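First up is the structure itself, then whatever we jot down about it.
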Amino acid sequence: MVKLLAWNIQHGGGGRLARIVEEISAYDADVIAVTEFRANPGVTLCAALKERGLPYIETTCPTGNQNGIAVFSRTPMRRTRPCPAPSDSLVRWLDLDLPEHGFGIGVLHVMAAGSHKKHPTNLAKTRFWDAMLQAAEARLQEPFLFLGDWNTGAHRLDETGRTFMCSEHFLRLSTLGWTDMWRHHNPGITEYTWFSKLKGGARGNGFRLDHAFATPSLVPRITSCRYSHREREAGISDHSMVIVEAM
C-alpha cells in the first residue's frame with residue numbers, strides 16, 4: 001500500500017510551518033505533495049520532513065515569493081520527462097515517476113481566475129489547461145495520477161454557482177477517460193476544500209478546488225480518496241488536504 005497526501009499550504013506556510021509539519025507527519029504518508037511551496041520557508045520544511053523519514057525531495061525550484069511545488073517521498077523518485085507546462089508556468093507543474101510503487105504522478109497548481117475573461121491570468125490559465133489536456137491524452141495508457149490544487153471544478157457541482165474559469169477543460173478530463181477519484185469513492189456527496197472570505201472575515205461560498213484524477217489502469221489500484229478538512233478549519237491553511245491510498 002502507498003499513501004499520498006496533497007496540500008496547498010498557503011503562501012509557503014510562514015509562521016504556520018511548525019503546525020504544518022506536525023499535521024503532515026500525523027498521516028504517515030509515503031508521498032507528500034505540497035503546493036504554494038516557497039524557497040525560504042521551504043528550507044525549513046525540507047529539513048523537517050527529511051528528519052521524519054522523507055529523504056527524497058523534488059521541487060520546481062521557485063524563487064523569491066513564487067509559489068512552487070515540492071514532493072517528499074520515503075522512496076526514490078525520478079524525473080524522466082520535460083515539463084509540459086507553458087514556459088511562464090513551469091513552477092506550477094511537477095511530473096515524477098514512483099518506481100517502487102509502479103505509477104507516475106503529476107502535481108499541478110493551476111492559477112486562480114482573473115477578474116474577466118480576457119484577463120491575462122485567465123489567458124494563462126487556459127493555456128495551462130490546454131497543456132494539461134494534451135498531456136492527459138498522451139498519458140491515458142499509463143498508470144498515472146494527476147493531483148493538486150486546480151482552482152477549477154464543475155459548475156453547480158463543485159460550487160453553488162457558475163464562477164469557475166476553464167470548467168469545460170475540467171470536464172474534458174473525464175471525457176478523455178480519466179476518473180475523478182474523490183467522486184468515484186464518494187458518490188452523491190458535496191464537500192468543499194476552500195471557502196471565500198467576506199468582509200469582516202466571515203466565511204463565504206465553498207468550492208472544491210483540490211483534486212486527484214487517475215488513468216484507467218490505475219483506478220482499480222486506488223482503494224480510497226478523501227479530504228481532510230480539519231486542518232483548514234483550524235486555520236493551518238486555507239485548503240483541505242487530499243489523501244489517496246493505493247495498492
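Derivation of every value follows stated rules applied to the coordinates shown; laboratory data play no part. Not measured: the values here are computed from a predicted model. Every residue, glycine among them, receives a Cβ derived from its backbone with ideal geometry; neighbour counts consider all protein chains shown.
Which of the residues spanning segment 235-247 are assigned to a loop (DSSP other than H, G, I, E, B) and not aliphatic (A, V, I, L, M)? Quick ask: steps written out before the conclusion?
Taking segment 235-247 and keeping what is assigned to a loop (DSSP other than H, G, I, E, B), we get 235-240, 247.
Within segment 235-247, Gly235, Ser237, Asp238, His239, Ser240 qualify.
When you check Arg203 against the structure, is it under 21 Å from Leu140 (Cα atoms) and free of Cβ contacts under 8 Å to residues at least 24 places away in the same chain, yes or no? Walk me through how you get there before you give the answer.
Numbers: under 21 Å from Leu140 (Cα atoms): no; free of Cβ contacts under 8 Å to residues at least 24 places away in the same chain: yes.
It is false that Arg203 is under 21 Å from Leu140 (Cα atoms) and free of Cβ contacts under 8 Å to residues at least 24 places away in the same chain.
Name the residue that is farthest from Val110 (Cα to Cα), counting only residues in segment 33-44 that are out of contact with any helix residue (DSSP H, G or I) (no Cβ under 6 Å at 6 or more places or on another chain) and not polar (S, T, N, Q).
Within segment 33-44, the match that is farthest from Val110 (Cα to Cα) is Val43.
Being touching a residue at least 60 places away in the same chain (Cβ under 8 Å) and in contact with a Ser or Thr (Cβ under 8 Å, 6 or more places away or on another chain) is the filter here, so list the residues in segment 146-175 that pass it. Step through it out loud before you land on a result.
From segment 146-175, those touching a residue at least 60 places away in the same chain (Cβ under 8 Å) are 146-150; that's our starting set.
Of everything in segment 146-175, those that are touching a residue at least 60 places away in the same chain (Cβ under 8 Å) and in contact with a Ser or Thr (Cβ under 8 Å, 6 or more places away or on another chain) turn out to be Gly148, Asp149.
Working only within segment 60-78, note down all residues that are within 18 Å of the chain's Cα centre (by Cα) and not aromatic (Phe, Trp, Tyr).
Thr60, Cys61, Pro62, Gln66, Asn67, Gly68, Ile69, Ala70, Val71, Ser73, Met77
For segment 59-73, which positions are more than 16 Å from Asn8 (Cα to Cα) and either touching a Leu at 6+ places or on another chain (Cβ under 6 Å) or not in a loop (DSSP other than H, G, I, E, B) (or both)?
Ser73
Restricting to segment 187-234, and then to whatever is within 18 Å of the chain's Cα centre (by Cα) and part of a loop (DSSP other than H, G, I, E, B), can you tell me which residue is farthest from Val110 (Cα to Cα)? Let's see the steps before the verdict.
Start the filter on segment 187-234 by keeping residues that are within 18 Å of the chain's Cα centre (by Cα), which leaves 191-195, 206-215, 218-219, 222, 224-232.
Filter once more, so that each one left must be part of a loop (DSSP other than H, G, I, E, B): 191-193, 208-209, 215, 218, 229.
Working: Glu191: 20, Tyr192: 17, Thr193: 15, Arg208: 13, Leu209: 10, Thr215: 20, Leu218: 23, His229: 20 Å.
Applying the filter and picking the extreme gives Leu218.
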